[in-house]
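I'd like to ask you about the structure that follows.
The values are calculated or read from the model by the stated rules, or taken from the named source; none is laboratory data. A quick note: this is a predicted structure, and the numbers were derived from the prediction, not measured. Cβ: placed from backbone, ideal geometry, glycine included. Neighbour counts: every protein chain shown. These accessible areas exclude ligands, DNA and RNA; they are computed on the full protein's heavy atoms, side chains included. Shrake-Rupley method; radii C 1.70, N 1.55, O 1.52, S 1.80 Å.
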Amino acid sequence: MRSRVQVGQTIAAMLTVTNDGDTAASAVLPSLTVDSGPATSGRVPPSVDLAPGEAQNFLLEASTHEVGVVRVSASAQGRDAYFGTDVSVGPLTAAEVEVAAPPALSATTTVEPTTASTGQTISVDVTVTNTSTFAVTGLWLDAITSGAGGVDLLSRPAAKDLAGGESRNFHFTFAALTPGAVSFAISGRAMEP
C-alpha cells in the first residue's frame with residue numbers, strides 16, 4: 001500500500017487470506033474499514049470458497065476526498081463448510097496513508113525588452129512554482145505567439161523537474177522579425193512521478 005496519495009486517488013490494499021484449517025471455508029468475504037480520515041470504503045471483491053491450504057489475494061480499495069491522514073483496517077469472514085461455524089481473520093491494521101493536495105503550478109512571465117527593433121533579441125522568462133507538496137517531473141513549456149508583429153524562436157528551455165514548493169525559471173529567446181505587437185502565451189505539461 002502506498003503511504004501517500006493525492007486527493008481523489010484510490011488507496012489500494014492487498015489482503016491475502018489463507019485457509020490453514022483442515023476443512024473448506026465457504027463464502028469468504030473480505031472488507032476494508034476506514035478507521036479514521038478523509039476516505040470512504042470502496043468496492044468489495046466477491047466472496048470465494050477456500051479449500052484447506054488454499055490462499056486468495058483480495059484487492060481492497062478506499063476513495064479519498066480531502067487532505068488528511070487515513071487509517072484503514074482489513075478483515076475477512078466466512079463459514080466453516082463442514083461445521084457451519086463462522087470463521088474470521090482480523091481486523092488487521094494497515095499503515096497510515098497521507099492524503100495530500102495534487103500538484104498545482106502557478107507562473108509569472110516577464111518579457112524584456114517590452115519594445116524591440118527588428119533583429120533585436122527578446123527574452124521571455126517564466127517562473128513556475130509548484131505550490132503543492134507533490135513533485136512534478138519533465139515540466140515542458142511552450143511559447144505560442146500571436147499578433148501583427150513577427151518573431152522567430154531562437155531557443156527554448158529544457159524540461160525540468162519541480163519538487164513540492166520549488167520554483168524554477170524557464171528562459172525563451174526570440175528574434176524580432178517584423179514590426180507590430182506580439183503576444184506570448186505560455187502553456188506546459190508535466191508528469192507526476
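Label points 7 Å out from Cα along the Cβ direction at SER155 and ALA27: separation in nm?
Reported label-point gap for SER155 and ALA27 is 7.2 nm.
With each pseudo-label sitting 7 Å past Cα toward Cβ, what's the ARG43-THR18 distance in nm, one decimal?
Label-label distance for ARG43 and THR18, simple model: 2.8 nm.
Once the dipole of region 1-61 is set up with Lys and Arg at +1 and Asp and Glu at -1 on Cβ about the Cα centre, which of ALA12, ALA24, VAL44 lies farthest towards its positive end?
ALA12
How long is the gain from ASN169 to SER73 if the chain were fully straight, where each residue apart is worth 0.36 nm and the alpha carbon distance is subtracted?
Details: separation 96, 0.36 × 96 = 34.56 nm, distance 4.43 nm.
Extra length available between ASN169 and SER73 comes to 30.1 nm.
About the Cα centre of region 55-193, how large is the charge dipole given +1 on each Lys and Arg Cβ and -1 on each Asp and Glu Cβ? Please answer in debye to the nearest 20.
260 debye
Over region 127-193, with every protein chain in place, what whole percent of the accessible area is carbon and sulfur at 1.4 Å, could you tell me?
Carbon-and-sulfur percentage of accessible area, whole number: 56.
Which one, VAL136, VAL34, VAL151, projects farthest toward the positive side of the charge dipole computed for region 21-178 from Cβ point charges (K/R +1, D/E -1)?
VAL151
A further question follows. Write down the Å³ per residue value for the convex hull defined by the alpha carbon atoms of the chain.
130 Å³
For ASP80, ASP86, what's the largest-to-smallest order of accessible area, 1.4 Å probe?
ASP86, ASP80
If you plug each phi of region 70-78 into the Karplus form 6.51 cos²θ - 1.76 cosθ + 1.60 with θ = phi - 60°, what whole-Hz ³J(HN,Hα) values come out, in order, with x for Gly and Pro?
So the J values, rounded to whole Hz, are 10, 10, 10, 9, 10, 8, 8, 10, x.
Also, I was wondering about something else. Provide, as a two-decimal number, the C-alpha radius of gyration of region 83-193 over 2.2 N^0.38 Å, N being how many residues it has. Provide the component values of the computation, followed by the final result.
Values: Rg = 23.5 Å, N = 111, 2.2 N^0.38 = 13.2 Å.
Computed over Cα atoms of region 83-193, the ratio equals 1.78.
Take the Cα atoms of region 19-111, build their convex hull, and give its volume per residue in Å³.
Output value, Cα hull per residue: 119 Å³.
Between THR178 and THR127, what is the label-point separation in nm under the 7 Å Cα-to-beta-carbon projection?
Label at THR127, label at THR178, 3.5 nm between them.
Relative contact order for the chain: what is it in percent, counting Cα pairs under 8 Å that are at least 6 residues apart?
18 percent
If amide H atoms are built 1.01 Å from N in the plane of the peptide, which residues on other chains or at least 5 residues away come under 5 Å of the amide H of ALA135?
For ALA135, whose amide H was placed from the backbone, the distant partners under 5 Å are GLY164.
Now a separate question. At 1.4 Å probe radius, can you tell me the per residue accessible area of the chain in Å²?
55 Å²
Multiply the residue separation of THR114 and SER3 by 0.36 nm, subtract the distance between their alpha-carbon atoms, and state the gained length in nm to one decimal.
35.2 nm
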